[in-house]
Amino acid sequence: MSIDLPPYYFRVRENGAAVFRVSNDERMRRIDMQQIAVVNVRNGEIKPQGGRRLSVADLAAIRDWLTERQAILKAREADDLDRAIDYLNTTAQWLQSKATDDDVDRIADRLLLAMHDLRSVLVRRMAERRSGAEEDD
């Protein structure tokens with residue numbers, strides 16, 4: 001029984017991944033994974049592990065994974081923002097139609113502070129962008 005395994009496995013971590021080289025010993029029916037590197041998805045840093053030198057193939061596979069992972073995270077971030085807008089809308093509808101006075105008392109201060117913070121950041125960022133655009137003219 002032959003198992004087609006990928007040559008690398010990426011164990012996702014908070015800021016990137018631990019990179020393993022995968023090998024398959026069919027006689028012993030074992031899968032061996034040796035950690036070869038750690039990659040930071042934020043800054044693109046690749047750190048070899050265990051005194052290893054990464055091959056050109058290793059680096060190419062890691063860089064391909066990094067590019068794909070960054071695209072996935074960017075798409076998730078955009079989706080999260082769209083979902084946040086939906087949550088704000090459903091929260092407003094819930095407050096208007098179903099919330100009790102106790103519900104409002106329980107969440108009002110925290111929600112108002114979060115919305116004030118968000119509004120402040122949005123207004124500042126939009127003003128910075130507009131003033132930058134005016135300087136370019």
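Quick note: the coordinates plus some simple rules give every number you see, no bench work behind them. Note that this is a predicted model, so its numbers are computed, not measured. Heads up, the Cβs are rebuilt from the backbone with ideal geometry, glycines too, and the neighbour counts pull from every protein chain shown.
Overall shape of segment 6-45 was characterised from the C-alpha gyration tensor. The equivalent ellipsoid obtained from it has semi-axes of 26, 7, 6 Å, in decreasing order. Under the rule that an exposed site lies in a DSSP loop and has at most 10 other Cβ atoms within 10 Å, name the longest stretch of the chain with no GluC sites (Glu not before Pro) of that kind, not counting the sites themselves. No qualifying site falls inside 27-137, the longest such stretch. The peptide list 109-115, 17-23, 54-60, put in order of mean Cβ contacts within 10 Å with the highest first, becomes 17-23, 54-60, 109-115. In a Debye calculation with equal point scatterers on the alpha-carbon sites of segment 1-77 and no solvent, what is log10 I(q)/I(0) at q = 0.13, 0.19 Å⁻¹? At q = 0.13, 0.19 Å⁻¹ the computed log10 ratios are -0.43, -0.80. Positive-end ranking of Ala75, Phe20, Gly50 along the dipole of segment 1-77, with charges on Cβ about the Cα centre, is headed by Gly50.
Pairwise Cα separations in the chain fall into 5 Å bins from 0 onward with the following percentages, short to long: 2, 8, 11, 12, 10, 10, 9, 8, 9, 8, 6, 5, 2, 0, 0.
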